[in-house]
Amino acid sequence: MTEQNDLIKRRIEELEEIKKLGINPYPHKFDVTSNSKEIIDNFKDPETEEEKENHKSQTVSVAGRIMAIRKMGKATFCHIKDGTGRIQIYIKKDDVGEQAYNVFKLLDIGDIIGVNGFIFRTKTGEVSIHAVSYELLTKSIRPLPVVKEEVTESGEKIVYDAFADIELRYRQRYIDLIVNEHVKDTFIKRTKIIQSIKRTLEKHLFFEVETPTLQTIYGGANAQPFVTHHNTLDVDLYLRISNELFLKRLVVGGFERVYEFVRDFRNEGIDRTHNPEFTQVEWYQAYGDYFDSMNLFEEVVEQACIDIHGTTKVIYGETEIDFKRPWKRMKMTDAVREKTGLDVLNMKKKEIIDYMEKNGIEYDPKISQSKGLIIANLFEAVCEEDLIQPVFIYDFPLDTTPLCKPLREYSLKQIEEMEKDPEQVILAERFEPYVYKWEMGNSYTELNDPLLQRKLLEEQVERGRGGEKETHPLDEDFINAIEAGMPPTTGVGLGVDRLVMLLTNSHSIRDVIFFPLMRPV
């Protein structure tokens, strides 16, 4: 820390010297005409003497952060980094003038400069800019970590003094982006993935909308909310855990195909795949069912992979994952049977619980009243770890959600009879896509029977009173909307952060969120 403070002190002294020379170290503007990438990509060496002379009169203006300096008496080489990459600058005392060159001696790695000059190729073959003039645009006070790279004769890149402290990188993402090139590339890919998803949805005539972040009643997912308070209205509000119920209201209102990218907020734990603030895209399609959503989900993800990598295959860790359609589809109960040999639908609830206890499979005692929830718990405990390649797990117990239609093969009378028998499990038209052991989203054939919808939401309220933490409150206005009449509809939620992790080979959700939530220091 003492060394850091000494460096900051020295830079402040340099700053004062620059000001005494009459130089404003923080000017308002600099006109940029080119960037490093287009200069390097498009440069062609002049062939004749006449072309060389004409070439010197064709100047470019670039700006960027100094990332390396090599001083040689009356000339200096430096590398600057702009938004597209790095380029070498050659600054000669005789060209820029004595005062400007003396000012340059006071500059450090991390300072930002603007340069006017002509393009040339050095004797070592590097496309560079020969400065005719330059301007100091920002004098930095805090030193950057100096990351040094060496390329061996075999072509292996060795990095020294990398800015590698994971927690510090998350806390100081601005430094991370400056010194770690791959980090910026990850976030560029993130944006391209989102753009790809939008293109695919809009190709299918989906319309982008916006819904509230602050809600008087939370719903649309099984999660605990964050609570805040509005002073003027004197009411408690919730940060949304999902936008589902509002998007369904829009379907009721006549927007037949809608989608929204949202930041959702869930008051839950933090781990490799969970952050309390995360991004989802949800879309809703009137007159479709969950099979339509399966088809569109795999198209969205496959196309995003192709747009980023030019292929349907990616390497995640040491595993090759292929997103090529069609994906495997498997019923939840079949997945359990394949892994355990159990035919859970034809077993007594106690028999399933006995199997779980015998095999050390944990479950929340509060869900033991529901055979459907026990089956879902067993699936998560024993099957998820094997779901590496893309697969749709479908036909969940209806108890897992109050917003989904029962399977279409049930008659209304069958459902009434099954509800009377706690050993019967009603299955719902719901699927979850899995990739690399992770749940990547959620989808239903949406429930649009207002009487059944009210009944299921009321049952969730009762389960919440019984101690379950992640249940829906009863949203009367949402019931009103369904009572007004919602057409047959299917909806999807896709976890954007997890998809970005897979497509960028990132191993923590914090690697794909610019500013992840951190414990205060």
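At a glance:
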| read-out | value |
| --- | --- |
| Any hit, the stretch 90-113, residues being open to solvent by 40 Å² or more (accessible area, probe 1.4 Å) and without any contact (Cβ under 8 Å) to a residue 12 or more places away in the chain | yes |
| Residues within the stretch 316-338 that are among the basic types (Lys, Arg), touching an Asp or Glu at 6+ places or on another chain (Cβ under 9 Å) and either in a loop (DSSP other than H, G, I, E, B) or in contact (Cβ under 8 Å) with a residue 24 or more places away in the chain (or both), tallied | 3 |
| Meets criteria (part of a loop (DSSP other than H, G, I, E, B) and either within 30 Å of Val183 (Cα to Cα) or open to solvent by less than 40 Å² (accessible area, probe 1.4 Å) (or both)) for Phe478 | no |
| Residue among Ile321, Ile375, Ile353, Ile367 that is among the β-branched types (Val, Ile, Thr), over 25 Å from Leu499 (Cα atoms) and in contact with a Pro (Cβ under 9 Å, 6 or more places away or on another chain) | Ile375 |
| Every residue from the stretch 226-246 that is crowded, with 22+ Cβ neighbours inside 10 Å and assigned to a loop (DSSP other than H, G, I, E, B) | Arg240, Ile241, Ser242, Asn243 |
| Filter result for the condition that a residue is over 30 Å from Ile321 (Cβ atoms), free of Cβ contacts under 8 Å to residues at least 60 places away in the same chain, more than 28 Å from the chain's Cα centre (by Cα) and exposed (fewer than 13 other Cβ atoms within 10 Å of the Cβ), over Asp421, Asp399 | Asp421 |
| Residue among Gln303, Gln389 that alone is over 21 Å from Glu459 (Cβ atoms), among the polar types (S, T, N, Q), in contact (Cβ under 8 Å) with a residue 12 or more places away in the chain and not in a loop (DSSP other than H, G, I, E, B) | Gln303 |
| Residue tally, condition on the phi < 0 side of the Ramachandran plot and small (Gly, Ala, Ser), over the stretch 220-241 | 2 |
| Qualifying residues in the stretch 384-396 (those that are more than 23 Å from Leu245 (Cα to Cα) and of a type in the set (D, E, K, R)) - the one least open to solvent (accessible area, probe 1.4 Å) | Glu384 |
| Filtered residues of the stretch 351-370 (kept if part of a loop (DSSP other than H, G, I, E, B), open to solvent by less than 60 Å² (accessible area, probe 1.4 Å) and touching a Lys or Arg at 6+ places or on another chain (Cβ under 9 Å)) | Ser368, Ser370 |
| Every residue from the stretch 114-133 that is surrounded by fewer than 20 Cβ atoms within 10 Å (Cβ to Cβ) and among the polar types (S, T, N, Q) | Asn116, Thr122, Thr124, Ser133 |
| Count of residues meeting criterion [open to solvent by 40 Å² or more (accessible area, probe 1.4 Å) and in a strand (DSSP E or B)] in the stretch 252-283 | 6 |
| The stretch 1-15, residues that are farther than 25 Å from Val62 by Cβ, in a helix (DSSP H, G or I) and of a type outside the set (S, T, N, Q) | Glu3, Asp6, Leu7, Ile8, Lys9, Arg10, Ile12, Glu13 |
| Residues satisfying the stated conditions in the stretch 65-89, i.e. surrounded by 12 or more Cβ atoms within 10 Å (Cβ to Cβ) and on the phi > 0 side of the Ramachandran plot | Gly85 |
| Top-ranked residue of the stretch 460-473 - restricted to ones that are at pLDDT 70 or above and open to solvent by less than 50 Å² (accessible area, probe 1.4 Å), ranked as nearest to the chain's Cα centre (by Cα) | Pro473 |
| Contacts under 8 angstrom Cβ, first residue in the stretch 37-64 being touching a residue at least 12 places away in the same chain (Cβ under 8 Å) and closer than 24 Å to Gly114 by Cα, partner in a loop (DSSP other than H, G, I, E, B) and open to solvent by 80 Å² or more (accessible area, probe 1.4 Å), 6 or more apart | Val60/Thr33; Ser61/Asp31; Ser61/Val32; Ser61/Thr33; Val62/Val32; Val62/Thr33; Ala63/Val32 |
| Selection from the stretch 65-89 of residues that are basic (Lys, Arg) and without any contact (Cβ under 8 Å) to a residue 24 or more places away in the chain | Arg70 |
| Matching residues in the stretch 16-47 - criterion: being in a helix (DSSP H, G or I) and closer than 22 Å to Ile89 by Cα | Ile18, Ser36, Lys37, Glu38, Ile39, Ile40, Asp41, Asn42 |
| Matching option when the condition is open to solvent by 60 Å² or more (accessible area, probe 1.4 Å) and basic (Lys, Arg), among Arg199, Arg249 | Arg199 |
| Criterion violated by Ile217 - all others in (1) closer than 24 Å to Ile194 by Cβ; (2) over 21 Å from the mean Cα position of the chain (by Cα); (3) aliphatic (A, V, I, L, M) satisfied | (1) |
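Yes or no, residue by residue, for (1) touching a strand residue (DSSP E or B) at 6+ places or on another chain (Cβ under 6 Å); (2) within 14 Å of Val492 (Cα to Cα); (3) modelled with pLDDT under 95; (4) loosely packed, with under 14 Cβ neighbours inside 10 Å:
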| residue | (1), (2), (3), (4) |
| --- | --- |
| Gln285 | yes, yes, no, no |
| Met294 | yes, yes, no, no |
| Ile308 | no, no, no, no |
| Ile315 | no, no, no, yes |
| Lys328 | yes, no, no, yes |
| Val336 | no, no, no, no |
| Gly341 | no, no, no, yes |
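The values are calculated or read from the model by the stated rules, or taken from the named source; none is laboratory data. Computed from a prediction, not measured in an experiment: that's the story for all the values here. Note that each Cβ is placed from the backbone with ideal geometry, even for glycine, and that neighbours are counted across all protein chains shown. Surface areas here come from the heavy atoms of the whole protein model, side chains and all, with no ligands, DNA or RNA. Shrake-Rupley method; radii C 1.70, N 1.55, O 1.52, S 1.80 Å.
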